[in-house]
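Chemist: I'd like to ask you about the structure that follows.
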Amino acid sequence: MNESYKWLKEQEELKESKIEKFLGPSFILEQTNNFPGLKRTDDVTDFEFHPRPVKGFFGIILLWPFVGLVLMGMIKILSAVLLLCIAGLVIHLTIYWRTMQKSDRKISLNGTGIRFDDEQLISWTDITLTAILTKPIGRNKRNFLVVVTKGADNSYKRKDYELTDYFSWNAYGFASTISSKIESIRSTMNSHNNGFAAMAGRQL
């Protein structure tokens, strides 16, 4: 077992209550190279992701049948209330969308490393593990991209980044998409490094 993975899992287990420990772990921890739906892409080393409130827009789509009923006069009493609710939802989502567009929230991946928002780049050479942590929060489950690094003193450090509001058409969700991109970059880097090593070997 990867030592970084073992350390990360132990950290999460320490956070659990006695009841959770008795019933079994409430979290799921998957390394990005083992995440369901993983699809690697060759020779692609630069990605940038921004939050997209798509779930809210699906809500608007589901409301359109009711809008049709209002327009046809089939719900006369509730038409005004319904239209106000729809207008409020549209305004709310528009403001939310513009706020997201102006915010600094983003995930950047390239051949050098990973950057969250406008924080300092985390170099691939310092990263010992990338994993998806799924935790129950209230009635929902949330995914976190966890990056583990190891310092000069051999102590591990972690960076947890919540993936809420990042949308993907992938059947396994955005966690699978980001895992695929991370592993694609790693695969490309490894193939290039192996190529350089082979060339150096032939020159010797």
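The values are calculated or read from the model by the stated rules, or taken from the named source; none is laboratory data. Please read all numbers here as calculations on a predicted model, not as lab measurements. No Cβ is skipped: glycine too gets one built from the backbone with ideal geometry, and neighbour counts run over all protein chains shown. In case anyone asks, the SASA skips ligands and DNA or RNA and just uses the protein heavy atoms, side chains included. Shrake-Rupley method; radii C 1.70, N 1.55, O 1.52, S 1.80 Å.
Chemist: Against the condition in contact with a helix residue (DSSP H, G or I) (Cβ under 8 Å, 6 or more places away or on another chain) and within 17 Å of Glu12 (Cβ to Cβ), how does Ile178 come out, does it pass?
Modeler: no
Chemist: Also: Within the range 110-125, is there a residue that is open to solvent by 50 Å² or more (accessible area, probe 1.4 Å) and on the phi > 0 side of the Ramachandran plot?
Modeler: no
Chemist: Every residue in the range 159-183 that is open to solvent by 20 Å² or more (accessible area, probe 1.4 Å) and under 15 Å from Phe116 (Cα atoms), please.
Modeler: Hits for the range 159-183 are Lys159, Asp160, Glu162, Thr164, Asp165, Lys181.
Chemist: Being in a loop (DSSP other than H, G, I, E, B) and not small (Gly, Ala, Ser) is the filter; apply it to the range 107-141 and report the residue that is modelled with the lowest pLDDT.
Modeler: Among those residues, the one meeting the criterion is Arg139.
Chemist: Follow-up. Select from the range 1-60 the residues that are at pLDDT 80 or above and either in contact with a Cys (Cβ under 9 Å, 6 or more places away or on another chain) or among the aliphatic types (A, V, I, L, M) (or both) and write down the one among them that is surrounded by the most Cβ atoms within 10 Å (Cβ to Cβ).
Modeler: That would be Leu8.
Chemist: Give me the residue from the range 142-158 that is open to solvent by 50 Å² or more (accessible area, probe 1.4 Å) and touching a Lys or Arg at 6+ places or on another chain (Cβ under 7 Å) and, out of that set, modelled with the lowest pLDDT.
Modeler: That would be Arg142.
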